[in-house]
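J.: Below you'll find the structure I mean.
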Amino acid sequence: MDVEGLPPTQAVEELALEGEAAAGSGARGIPGRERADRVRTAIAYTVMFLVAALFAIPFLWTVSTSFRTLADTVAGFSLLPRHWTTSGYHEAFHTFNFGRYTLNSAIIAGAITLSNLVLASIGGYAFARLRFPGREVLFMLVLGTLMIPDQLRLVPIYLMLVNWIPAWVGHVGWHDASFVNRDGVILIQLVSATSLFLMRQYFLTIPRDLEEAAKLDAAGYFKTYRKVMLPLAGPALAAVGILTFQGTWNALFWPAVLLQDKSQYTIPIGIASFHFAYQTLWPPLMAASVLAIVPILLIFILFQRYFVAGVAAAGVKG
Amino acid sequence: MASVTYDHVTKTFGDTSAVKDFLLEITDGEFMVLVGPSGCGKSTALRMLAGLEKVSDGRILIGDRVVNNIAPQHRDIAMVFQSYALYPHMTVYDNLAFGLRNQKVAKSDIDTRVRRAADILDLGQLIKRKPKQLSGGQRQRVALGRAIVREPEAFLMDEPLSNLDAKLRVQTRAEILKLQQALGTTTIYVTHDQVEAMTMGDRIAVMKLGVLQQVGPPEELYREPRNLFVAGFIGSPAMNLVPVEVLDGAGGQGRVAGFRPEHVELASGGGNGIGFDARVEVVEYLGDEQLVHLTRKDTAIQAKLPVEEQIGSGQELKLAVPRDKLLLFDADTEERVTV
């Protein structure tokens, strides 16, 4: 259209109406707006970069240190190794039996993750859908356990694990029966309040109609759970799986308390053993740390999509 | 197939009564529509029949079996949900077969029944798809299919058309009717849409605030509504309900006069109708007719008039309602009174 003869503002409006120019972005758009936008974007990116750096630099330094010699680690700051070496990794595997620790961690984290998936989904379904007396109070009690720090539960749990094996176990021939070992670590973490909470919240988002349809389709409680609800809870199961695996894989507290036999040590305890009274063996310590991150990273990359959906859904409905 | 009886059924949630002393007999093979505004208790009545809500008082019978304490799956009914409630992770085939498998029906029998239902509903091509790969209309048909394969004593339908667009709704309405007539299964159909009720039901039960207002065939409810609520609820556009003072000569004190927009005529002088003048506010052109919004003595009146008449806003019209089409209601009790 011809806008030559029109006053400037009207011309821009006419063009905008025609779709030839967006309002405000014409030759005489709002002065300074574009620059303000650019400044705002620059500030936002700077802040994001700084926050990202805050997390990334320690990680990069870990990787860098794992490829140094011990002498290099004490020779002052440098982001990259002065002499690249894989001796840290070699040492982690051969001197400190990193392979064994990895297997132990995998057994413990795997067992706890599996039991959390099974028990939290059953329990979460019950808390979300079954009507039984005291349901809300019980759920509050479960959530309440999140407020008790592990340090406070240490002594009672330790005493329970020591004393709760009945005497007859010894009489039937299991003389060295004990839960102060890997079994104990698994036993006390079979299901967590966080997992139960996540599963419950997710089940609450699944329409009740589906369960009623299943009820009319002659499915009992357990069949409804297994055939209808569980297949729909993928995102929540992914979230519980990742959080539990990552938590137990990295856990130091309970393994340090309960694992007394070196053959049952997990990676975090193994890593802690690189640290002596007068010296820390930084290269093997960092090499073990880098290796320990790999499984978590892989799992997160594979299931990230479901994980985000699961956590988001749990947060939507209270 | 079986009859269904609500025998003085009441449902309370805490202090609130959702359904009060509900008495209704649905004969074998009948298509009964429960209709009313939201919150009137129609869905609760249906859910009690399905066994999804417990009955607080009274009895529900399917055939001559009292089902109050019988689990939903043993009541031999099938329900179509408003949301369809299809299992999202299962194929159409599995959705249809799920109930039969749970009932331990023989595999070959399941296959026969599922394929027959799929044929009836034209789902043959879609049998391997999952619900998210289907259109709204197709999902609706799968939901119906899930009810059909059960071969139940009664179909329970809870607003099954409300998620469809207007055109598809009209089409599916006819399909459900055809299906029900072919199968001859007793059907209880819940809707808030009086047009759906009028077009589908052998009989209609109108509910308000948990109380049954009137039961009868559509014509009866249309011609002889028992009270003001039914008069105003059934029919589209709604019946004109005006104080008798607005219509000179309608007669009576403390009465409300009711007449349908389609019964209003342009007065041609004489006749035995009740004549009145009214001022035209707005004219809605409907194609074959025009809906004229009028006011008389500050009261709104609607009239459906032939399109041949040239009517414009602001015009004063002389109108009439035939005496035999005029209904009178008591303003206090809201019940219809005969003159």
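J.: From (1) more than 9 Å from every other protein chain (Cβ to nearest Cβ); (2) assigned to a strand (DSSP E or B), pick out the condition that doesn't hold for residue B:78.
T.: Residue B:78 satisfies every listed condition except (1).
J.: Mind checking whether some residue in the stretch A:131-140 is closer than 30 Å to residue B:81 by Cα, open to solvent by less than 70 Å² (accessible area, probe 1.4 Å), out of contact with any Gly (no Cβ under 6 Å at 6 or more places or on another chain) and within 14 Å of another protein chain (Cβ to nearest Cβ)?
T.: Scanning the stretch A:131-140, I find no residue that is closer than 30 Å to residue B:81 by Cα, open to solvent by less than 70 Å² (accessible area, probe 1.4 Å), out of contact with any Gly (no Cβ under 6 Å at 6 or more places or on another chain) and within 14 Å of another protein chain (Cβ to nearest Cβ), so the answer is no.
J.: If we keep just the residues of the stretch A:241-250 that are within 15 Å of residue A:301 (Cα to Cα) and open to solvent by less than 20 Å² (accessible area, probe 1.4 Å), which is farthest from the other protein chains (Cβ to nearest Cβ)?
T.: A:242
J.: Which residues, counting only those in the stretch A:96-148, are within 23 Å of residue A:226 (Cα to Cα), assigned to a helix (DSSP H, G or I), over 20 Å from the mean Cα position of the chain (by Cα) and hydrophobic (A, V, I, L, M, F, W, C)?
T.: A:122, A:126, A:127, A:128, A:139
J.: Quickly run through the stretch A:189-221 and pick out the residues that are hydrophobic (A, V, I, L, M, F, W, C), touching a residue at least 12 places away in the same chain (Cβ under 8 Å), within 13 Å of another protein chain (Cβ to nearest Cβ) and surrounded by fewer than 22 Cβ atoms within 10 Å (Cβ to Cβ).
T.: Answer for the stretch A:189-221, where residues must be hydrophobic (A, V, I, L, M, F, W, C), touching a residue at least 12 places away in the same chain (Cβ under 8 Å), within 13 Å of another protein chain (Cβ to nearest Cβ) and surrounded by fewer than 22 Cβ atoms within 10 Å (Cβ to Cβ): A:206, A:210.
J.: Does residue A:176 fit the bill of being touching a residue at least 60 places away in the same chain (Cβ under 8 Å), loosely packed, with under 14 Cβ neighbours inside 10 Å and either closer than 29 Å to residue A:259 by Cβ or away from chain B (no Cβ under 14 Å) (or both)?
T.: no
Yes/no matrix, rows are residues, columns are (1) within 17 Å of the chain's Cα centre (by Cα); (2) farther than 22 Å from residue A:223 by Cβ; (3) without any contact (Cβ under 8 Å) to a residue 24 or more places away in the chain; (4) not assigned by TED's automatic domain parsing to the domain that holds residue B:153:
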{"position": "B:20", "(1), (2), (3), (4)": "no, yes, no, no"}
{"position": "B:30", "(1), (2), (3), (4)": "yes, yes, no, no"}
{"position": "B:45", "(1), (2), (3), (4)": "yes, yes, no, no"}
{"position": "B:49", "(1), (2), (3), (4)": "no, yes, no, no"}
{"position": "B:66", "(1), (2), (3), (4)": "no, yes, yes, no"}
{"position": "B:76", "(1), (2), (3), (4)": "no, no, no, no"}
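J.: Listed residues B:106, B:71; which is facing chain A (nearest Cβ under 9 Å), out of contact with any Asp or Glu (no Cβ under 9 Å at 6 or more places or on another chain) and not aromatic (Phe, Trp, Tyr)? Break it down into steps so the answer makes sense when it comes.
T.: Details: B:106 fails: facing chain A (nearest Cβ under 9 Å).
Among B:106, B:71, only B:71 is facing chain A (nearest Cβ under 9 Å), out of contact with any Asp or Glu (no Cβ under 9 Å at 6 or more places or on another chain) and not aromatic (Phe, Trp, Tyr).
J.: Out of all the residues in the stretch B:147-161, is one or more more than 18 Å from residue A:213 (Cα to Cα), away from chain A (no Cβ under 14 Å) and in contact with a helix residue (DSSP H, G or I) (Cβ under 7 Å, 6 or more places away or on another chain)?
T.: Within the stretch B:147-161, the first condition is being more than 18 Å from residue A:213 (Cα to Cα), and the residues that meet it are none.
Among the residues of the stretch B:147-161, not one is more than 18 Å from residue A:213 (Cα to Cα), away from chain A (no Cβ under 14 Å) and in contact with a helix residue (DSSP H, G or I) (Cβ under 7 Å, 6 or more places away or on another chain), which makes the answer no.
J.: Let me ask something else about it. Would you call residue B:125 open to solvent by 10 Å² or more (accessible area, probe 1.4 Å) and either touching a residue at least 60 places away in the same chain (Cβ under 8 Å) or part of a helix (DSSP H, G or I) (or both)?
T.: Considered against the rule, which asks whether it is open to solvent by 10 Å² or more (accessible area, probe 1.4 Å) and either touching a residue at least 60 places away in the same chain (Cβ under 8 Å) or part of a helix (DSSP H, G or I) (or both), residue B:125 comes out as yes.
The values are calculated or read from the model by the stated rules, or taken from the named source; none is laboratory data. Keep in mind the model is a prediction, meaning the values are calculated, not measured. For neighbour counting, all protein chains shown are included, and Cβ atoms are generated from backbone atoms with ideal geometry for every residue, glycine included. Surface accessibility is based on the protein's heavy atoms, side chains included, excluding ligands, DNA and RNA. Shrake-Rupley method; radii C 1.70, N 1.55, O 1.52, S 1.80 Å.
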